[in-house]
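FYI, it's all coordinate maths here, none of it is from the lab. These numbers were taken from a predicted model, which means no experiment stands behind them. Cβ placement follows ideal geometry from the backbone for every residue including glycine, while neighbour counts extend to all protein chains displayed.
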Amino acid sequence: MIWTFARDRERTRCEIRRNPDGEDYEFIVTTADGAPEIECFDDPAALIDRSVMCFQRLFESGWRPEPGPR
């Protein structure tokens, strides 16, 4: 899953995907400067908790979801 957030002219992208090298999952946040931050999780519940925390921080900082493709 991929989510894109906007604030003014900046964009931040969040992605949840399977790790291509194993059985675990990755949560990737690519900030407006293009630098990806990757966290690995073997527990899906921990991954969801972390993503929800990240989304809440983005909302609190003025970021808003961009509409997806139609």
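Converting phi to 3J(HN,Hα) with the Karplus coefficients 6.51, -1.76 and 1.60 and the offset θ = phi - 60°, segment 2-16 yields 10, 10, 10, 10, 10, 8, 6, 9, 8, 10, 10, 10, 10, 9, 10 Hz in sequence order, with x at every glycine or proline. Counted by Cβ distance under 12 Å from residue 47, the other residues give a net charge of -4, where Lys and Arg count +1 and Asp and Glu count -1. Between amide H atoms placed 1.01 Å from N, distances below 5 Å from residue 24 occur with 19, all of them 5 or more places distant or on a separate chain.
When only DSSP loop residues count, what GluC sites (Glu not before Pro) in segment 19-64 have their Cβ near at most 13 other Cβ atoms within 10 Å? The partial results should precede the final answer.
Numbers: sites: 23, 26, 37, 39, 60; in loops: 23.
The qualifying sites are 23.
Given the DSSP H assignment, sum -39500 (n - 2.57) over each helix run of at least 4 residues in the chain and divide by its residue total; what's the result at 222 nm in deg cm²/dmol, nearest 500?
Rounded to the nearest 500, the figure is -8000 deg cm²/dmol.
3J(HN,Hα) along segment 24-39: 8, 10, 10, 10, 10, 10, 9, 7, 4, 7, x, 7, x, 10, 10, 10 Hz, from the Karplus curve 6.51 cos²θ - 1.76 cosθ + 1.60 with θ = phi - 60°, whole Hz, x for Gly and Pro. Comparing 45, 2, 22 along the charge dipole axis of the chain, the residue lying farthest to the positive side is 2, per the Cβ-charge model. Taking the C-alpha atoms only, the angle from helix 44-60 to the longest principal axis of the chain is near 10 degrees.
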